[in-house]
Amino acid sequence: MHILNFSAAYTIYTAPAMLDKHRQPRKQQAMSSPAARSITCSSKVPEFLVGNIGQPMPAVGLGTASHPFVAEDVRTAVLTALELGYRHIDTAALYASERVVGEAMAEAVQRGVVVSREELFVTSKVWCTQCHPELVLPSLKESLMNLQMEYVDLYLIHWPMAVKPSKPHFPMKREDIVPMDLSGVWQAMEECHRLGLAKIIGVSNFTTKKLLELLAIAKIPPAVNQVELNPTWQQKKLIEFCIDKGIHVAAYSPLGGQRISKMNPVRQSDILEEIGKARGKSVAQISLRWIYEQGASMVVKSLKRERLKENIEIFDWELSDEDRFKIGQIAQRKLITVQNLLCPEGISSVDISDVDVLEI
């Protein structure tokens, strides 16, 4: 097995353009020092500095969750994205895409599309079936083996929920849900960081209540909270809370892409379409630019080169105050819930009601 070789040092690399200072959350602005911004890389995508170490994290990344999973499609998307200037690739134990992502990244380095592993930012996640203190580290090691890498840049708890140990899968049986040892699981995440296997650690799908529980016991606070975020689910309370606590928010489903039905409230939004037509931009670009102006990064998925290119052409213009006001009036609807992960039948003996609190 070929391992991409790299230095364990925390390399600082930033893109020329940064989020306008007057639009940056105060916590983010405090972490973005002029010295850190003076070093640049060839990527077109600006970066946020996140976590206690100020780890550079690209503002836009490529998501690799795909149902059904087609390995060649994901491989092509990763290579195309890297050619276009993407440097963040998001994967997870659940997605079954880690091996393909690793192979595509190794090929990109070999072909000179990227200079070295240090140019890349890789996120992976531990699934509910491995959310047990003794299984977190082995799960990360398996992910690293699949990725053919020595570390990930960001390792996340995928959901604040534990299920009986098994291979990552969904839907999961309700009767297999068990109480989550959040303290023990987070200590294992901290050990992954201490061992140098994850530069920074964080969470996904955590509400403010769950974050408060975690912050009360964490020695290393979560650097990132990756959540559903777009103009039709704006997460204002959560974003405000995370800014106050110094936790960077990363958006998944920024275009409403993980649809449970054929309806896509983002792409079908009359308000976003109106703004896009007036500005000569696509609905997707309006949505992604809005997310960026909230001080959040995002993971967006596409298999088409033209859309991948379009999705990073959002940094040399900005929305007007009128645009932002209109977007603020969009009706809110959360699409991704823990119920989507579970079999419809069966009964859980564990109360998971606080996992899906709707925080407007």
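The values are calculated or read from the model by the stated rules, or taken from the named source; none is laboratory data. None of these values were measured; they are calculated from a predicted model. Neighbour counts run over all protein chains shown; Cβ positions are idealised from the backbone, glycine included. Note: areas computed on protein heavy atoms with side chains; ligands, DNA, RNA excluded. Shrake-Rupley method; radii C 1.70, N 1.55, O 1.52, S 1.80 Å.
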Rg over Rh, two decimals, segment 188-291 (C-alpha only, Kirkwood Rh): 1.09
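How about segment 265-360: which chymotrypsin sites (Phe, Trp or Tyr not before Pro) there are in a DSSP loop, with at most 13 other Cβ atoms within 10 Å of their Cβ? Walk me through the numbers before you get to the answer.
Details: sites: Trp290, Tyr292, Phe315, Trp317, Phe325; in loops: Phe315, Trp317.
Here the sparse-neighbourhood loop sites are Trp317.
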Using alpha carbons only: equivalent-ellipsoid semi-axes of segment 236-300, gyration tensor based, whole Å: 23, 15, 9
Most fluctuating residue given options His248, His169, His67, as computed from a GNM of the chain linking Cα atoms under 10 Å: His67
Antiparallel %, DSSP beta bridges [both residues in segment 166-322], to 5: 10
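Would you mind calculating the gained length between Glu72 and Ser320 on full extension (0.36 nm times residue separation, minus the Cα-Cα distance), in nm to one decimal?
Details: separation 248, 0.36 × 248 = 89.28 nm, distance 4.03 nm.
Length difference between fully extended and current span is 85.3 nm.
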Amide H partners (placed H, <5 Å) of Lys173, local residues excluded: Cys343
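Which percentage, to the nearest 5, of the DSSP beta bridges contained in segment 47-354 is antiparallel? List each step's numbers first, then the result.
Values: 7 of 35 bridges.
The antiparallel fraction comes to roughly 20 percent.
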Lys301 - accessible surface, heavy atoms, 1.4 Å probe, Å² rounded to 10: 110
Sulfur and carbon atoms: percent of accessible area, the chain [1.4 Å]: 53
Along principal axes, Cα extents of segment 40-169, largest first, whole Å: 44, 37, 23
222 nm mean residue ellipticity, helices alone, for the chain (DSSP H n ≥ 4; -39,500 (n - 2.57); rounded to 500): -9500 deg cm²/dmol
Average accessible surface area per residue within the chain, 1.4 Å rolling probe, Å²: 42
Under 5 Å, built H, 5+ apart or other chain: amide partners of Ile201: Tyr155, Ala223
Most mobile of Ala162, Ala108, Ala278 in a GNM of the chain (Cα contacts under 10 Å): Ala278
Compactness index (Cα Rg / 2.2 N^0.38 Å), segment 269-360: 1.41
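Ordering Val178, Val101 by accessible area with a probe of 1.4 Å, largest first, what comes out? Display every interim value, and only then the final one.
Numbers: Val178 35, Val101 0 Å².
Highest to lowest solvent-accessible surface, that is Val178, Val101.
Please report, in cubic angstrom per residue, the volume enclosed by the convex hull of the alpha-carbon atoms of segment 47-354.
130
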Separation of alpha-carbon centers, segment 215-250 and segment 316-359, rounded to whole Å: 14
Residue-span extension gain [Ser349 to Arg111] - 0.36 nm each, minus C-alpha spacing: 80.5 nm
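Sequence gap at least 6, Cα distance under 8 Å: using those rules, report the relative contact order of segment 47-354 to the nearest whole percent. List each step's numbers first, then the result.
On the way: 547 pairs, mean separation 58.8, N = 308.
Here the relative contact order equals 19 percent.
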